Amino acid sequence: MPDGPALTAQRLTKRFGERLAVDDVSFEVARGEVFGFLGPNGAGKTTTVRMLGTLIAPTSGSASVLGIPITRTSGVEIRQRVAVMPEVPGLYARLSVRENLECFADLYETPDPKARIGQALELVHLSDRANDVCGGLSKGLRQRVALARALLSDPEVLFLDEPTAGLDPAAALEVHQLIDGLRKQGVTIFLTTHRLEEAERLCDRVAILNTSLRSIGKPEALRDQLFKRSLVVRTAAPLADPDAVFRGLPGVDGWHADGVASYVLPVTDASMAAPSVTRALVAAGAGVLAVGESQHSLEDVYLELVDESRPAAAS
Amino acid sequence: MNHSWRRISAITRKELREYVRNRPVLVAVAIFPLIFLIQPVVLVLKLPTEVAVQLSQRHLLLYMLAVPILAPGILGGYSVAGERQQESLEPALTTPIRSDEFLLGKAIAAVVPSVVIAYLVFSLFMGFVLLFAPPGVGPGLLQPGDIAAQAILTPLLAAAATWISVAVSTRMSDTRVAQQLSLLGCMPLVVVTSLVAFDVIPIQDTPLVPVAVLLLVADVVGWRLVVPLFNRERLITGSR
């Protein structure tokens, strides 16, 4: 695999008239990485994909794809090596699935198009629907055709803009498995999604965008960066003197009640604190129901970071 | 810069497949030639033999050149606006196809059926005249020079009309509006051919070849002029 990142963006900015769509966004995506791009509607995710896919030009800043700088003349060279699956499948509704794919195989100048179309259809489990007219397909099936279309050119970088939007859970799972398979083949995937569990499950790193970049990193690192680790303790009955139980325990930085007979203990190291907390509870005669680490989801991180009132985090 | 004929023909083939399955477009493309066929057929049947000499001095046949102008008006008008309406433009533009290739593919797909229709209508008209016109009218109407002009100028005029309509289509997002404005944009060409047909613009002494060359140059220039109008960013984002 060649050296250098698959994607780089340096202070990428895009304005549409007075409206600032993407503001000063910088990041790098390594080759073979699955990179999640999260953000609310209108955050600039699709605009970023379009800039990196050479569909629209940045107002300022620079970017490169597979080491090729995005310029006025490099579009064709870049588009030969990447594929974009837009949010809207945009199929030719009067044409069959196969005819749609034939058209795109020729646009990519795919060698042996017939075999490649067969493989792509097999990957998205649509071989038996190849002759169906696209206008008659359900939204989920159209989405799968669009995915097959994006795979035709065997891209080195695949931009997936909300690939599971409108899919039922089983179909979404198939897409997830497909993305996993592509990752194993070394394809770099740039995934924009609203589904945070999807990003958490699939992505090596995520970036959270709300016009400007709010944060970037591994999902667990973002959690640690934003939320202090804590233990959640639940007892059968409220403790008579919680302060006496929790004060001074190794690794425990304090405590506060979180409802009746439930306590949250900020800790420096949950694995070190949990045994001593359990022993202290038992020694105090408490009926221990649960002692566990508090789990902040990526959703918590996301909600915290897309809050308009917060300044963007340096990344 | 080399063009990829595989990419161009992919667009052309796709367009032709779509036209064949798009009933409103098919009906619209069929109606205009029929109108242009019915009226002269009725007229020819009513012509007395005595006008044959007069007919040989006029170029009424060139009236039929309006057919290859109006058909591309409908097809070319649909070309880009139709893609925008069904949201299929963005996926196509994510491929390596260049704007000039994309537009050339679209234009060929509009010109080919238009020329076929025009030749068909013209052949039907000629056949009708030869078979059913009063004696003397046929030879008077079907002058070799006019037939040659019809044969040579038909594809060139179709291409010119196509570029006008594709240019209009790049600026529109609604196919019907695009088609109507395209037809309007092609009207000056219809006016010119009609004025020639009715001898308001005399062409008796104008050789055909320079006219054809001029039109060919205009077609190539038209293609190059339309390419900058095809602004990918505006077409995808709808920005001004």
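Throughout, read-outs are computed from the coordinates displayed, never taken from laboratory work. Remember, it's a predicted structure, so these values are computed and weren't measured experimentally. Note that we place each Cβ from the backbone using ideal geometry, even for glycine, and neighbour counts take in every protein chain shown.
Here is the list for segment A:1-103: GluC sites (Glu not before Pro) lying in DSSP coil, each with at most 14 other C-beta atoms within 10 angstrom of its C-beta, are A:GLU18.
What residues have an amide H closer than 5 Å to that of A:LEU209, excluding those fewer than 5 places away on the same chain, when H is modeled at 1.01 Å from N in the peptide plane? Excluding prolines and chain starts, which carry no amide H, the hits are A:LEU38, A:GLY39, A:ARG214. Distance distribution note for segment B:5-237: the fraction of Cα pairs above 26 angstrom is 39%. In the protein assembly as shown, the calculated helix contribution to ellipticity at 222 nm averages -16500 deg cm²/dmol per residue, counting -39,500 (n - 2.57) for every DSSP H run with n ≥ 4. Take every Cα pair under 8 Å whose residues are at least 6 apart in sequence, average their separation, divide by the length of chain B, and the relative contact order is 32 percent. Where the alpha-carbon atoms of the protein assembly as shown are placed on the principal axes, they occupy 126, 44, 41 Å, in descending order.
Size descriptors for segment A:1-157: radius of gyration and Dmax over Cα atoms are 16.9, 49 Å. Each peptide among A:148-155, B:42-49 gets the average number of other Cβ atoms lying within 10 Å of its residues, and from highest to lowest they stand as A:148-155, B:42-49. Among B:VAL67, B:VAL191, B:VAL166, which one shows the biggest mean-square fluctuation in a GNM of chain B, springs joining Cα atoms closer than 10 Å? Comparing B:VAL67, B:VAL191, B:VAL166 in a Gaussian network model of chain B, the most mobile one is B:VAL191.
Beyond 31 Å between alpha-carbons counts as too far, so tell me which of A:LYS139/B:LYS106; A:LYS114/A:LYS139; A:LYS184/B:LYS14; A:LYS14/A:LYS114; A:LYS139/A:LYS228 fall in that bin.
A:LYS184/B:LYS14; A:LYS14/A:LYS114; A:LYS139/A:LYS228
Relative contact order, whole percent, for chain A stands at 19, derived from Cα pairs under 8 Å and 6 or more residues apart. Computed from the C-beta positions of B:LEU43 and A:VAL133, the FRET efficiency with R₀ = 51 Å rounds to 0.70. Other protein chain C-beta atoms within 10 Å of residue C-beta, averaged over A:48-55: 3. Shape analysis of segment B:1-120 based on the Cα gyration tensor places the equivalent ellipsoid semi-axes at 38, 16, 9 Å, largest first. Between the residues B:PRO135, B:LEU45, B:LEU157, the greatest Cα displacement towards the positive end of the dipole of segment B:5-237, with unit charges on the Cβ of Lys, Arg, Asp and Glu, is found for B:LEU157. For chain B, take the longest principal axis of its alpha carbons; what is the angle in degrees between that and the long axis of helix B:99-132, to the nearest 10 within 0 to 90? Result, in degrees: 20. Give the residue list of trypsin sites (Lys or Arg not before Pro) in segment B:93-180 that are DSSP loop and have at most 16 other beta-carbon atoms within 10 angstrom. For trypsin sites (Lys or Arg not before Pro) across segment B:93-180 that sit outside H, G, I, E and B with at most 16 neighbouring Cβ atoms in 10 Å, the list reads B:ARG171.
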